[in-house]
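Everything on this sheet refers to the single structure shown next.
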């Protein structure tokens, strides 16, 4: 139970995890009590305009709170990939509520959820990115450029790399029958092999492309050397993101990895662990299999219980 301050007895903190695929809101009474959760597809409300998104988010918070006062709001947002974007979204939300609010990148929620503030968060879900805070508190990121050129180790990047591996297989004179080849042809519904790239591009977005990632892992389990190589390279790429932050001056000693793909696919997690141990042994990998919204709630609690907020109220 969280010790109440001078907020009303029915006051809530609200934590929000805005992922690329879904948004999870959780309200918790400061004085203790049952959690309230609301999960909605991010595409149902998010339009990538700070003001419009803030309006939609505040509306969902009001629905969840059911009239109870909100003592503080913690938000982790996919797509807020530098300090300026976090501040812009934070300002838009603040303009629509009297509650204190803090916005961070969604990758930062996982270390917060494990009570490891300041450590590196690595997301391998629809996309991929590594985020931490530098010695001066500045936001540091690596990756997160989108599935067309980046998101290596995320669902979209894995599918893109699998299709590339299949195309190179054919370039080398390979034939049908290799498990990844058959899996990709089936997943894309191909009637003509030369249309590999065209059909992939027509899927149009990371969510649609990433939805096919399970075919890559299934092929690896079915003995595909091509698929095993794609997964191994995905894990190495995630470790490289951590290494980039370390070399740029991050003081982290832990890399907390989470996201729908790395949590559900042991092959990718093991590839990440092996690569990180080989390249950056100073940093300990941790797998986060909980809900990132837990970190957003910790962020909101920190806001609600800070001496500054207590004085303000």
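Restricting attention to the stretch 57-76, the residues that are in contact with a helix residue (DSSP H, G or I) (Cβ under 8 Å, 6 or more places away or on another chain) and either part of a helix (DSSP H, G or I) or modelled with pLDDT under 95 (or both) total 2.
So, in the stretch 120-141, of the ones that are surrounded by fewer than 24 Cβ atoms within 10 Å (Cβ to Cβ) and in contact with a helix residue (DSSP H, G or I) (Cβ under 7 Å, 6 or more places away or on another chain), which residue ends up modelled with the lowest pLDDT? Among those residues, the one meeting the criterion is 138. Within the stretch 205-231, being surrounded by fewer than 18 Cβ atoms within 10 Å (Cβ to Cβ) and within 20 Å of the chain's Cα centre (by Cα) holds for 205, 208, 211, 214. Among the residues making up the stretch 48-103, a single one is over 23 Å from the mean Cα position of the chain (by Cα) and over 15 Å from residue 14 (Cβ atoms): 95. Exactly one residue out of 174, 235 is closer than 17 Å to residue 261 by Cα and touching a helix residue (DSSP H, G or I) at 6+ places or on another chain (Cβ under 8 Å), and it is 235.
Filtering the stretch 228-264 to residues that are within 19 Å of residue 207 (Cα to Cα) and not in a helix (DSSP H, G or I) leaves 258, 259. Does the stretch 258-265 contain at least one residue that is in contact with a strand residue (DSSP E or B) (Cβ under 6 Å, 6 or more places away or on another chain) and within 15 Å of residue 119 (Cβ to Cβ)? Checked against the condition, which is being in contact with a strand residue (DSSP E or B) (Cβ under 6 Å, 6 or more places away or on another chain) and within 15 Å of residue 119 (Cβ to Cβ), the stretch 258-265 yields no hits at all. Restricting 146, 173, 137 to those that are assigned by TED's automatic domain parsing to the domain that holds residue 226 and either in contact with a strand residue (DSSP E or B) (Cβ under 7 Å, 6 or more places away or on another chain) or assigned to a loop (DSSP other than H, G, I, E, B) (or both) reduces the list to 173. Being at pLDDT below 95, farther than 29 Å from residue 155 by Cα, in contact with a helix residue (DSSP H, G or I) (Cβ under 8 Å, 6 or more places away or on another chain) and in the same structural domain as residue 104 (by TED's automatic domain parsing) is the requirement here; does residue 5 meet it? So residue 5 does not fit the description; no. Residue 89 passes every criterion in (1) under 22 Å from residue 43 (Cα atoms); (2) surrounded by 24 or more Cβ atoms within 10 Å (Cβ to Cβ) apart from (2). Looking at the stretch 247-272, which of its residues are buried (at least 20 other Cβ atoms within 10 Å of the Cβ) and free of Cβ contacts under 8 Å to residues at least 60 places away in the same chain? Passing the criteria: 265, 269, 271.
The values are calculated or read from the model by the stated rules, or taken from the named source; none is laboratory data. Everything numeric here is computed off the predicted structure, so don't read it as measured data. Glycine gets a Cβ as well: all are built from the backbone with ideal geometry, and neighbour counts include every protein chain shown.
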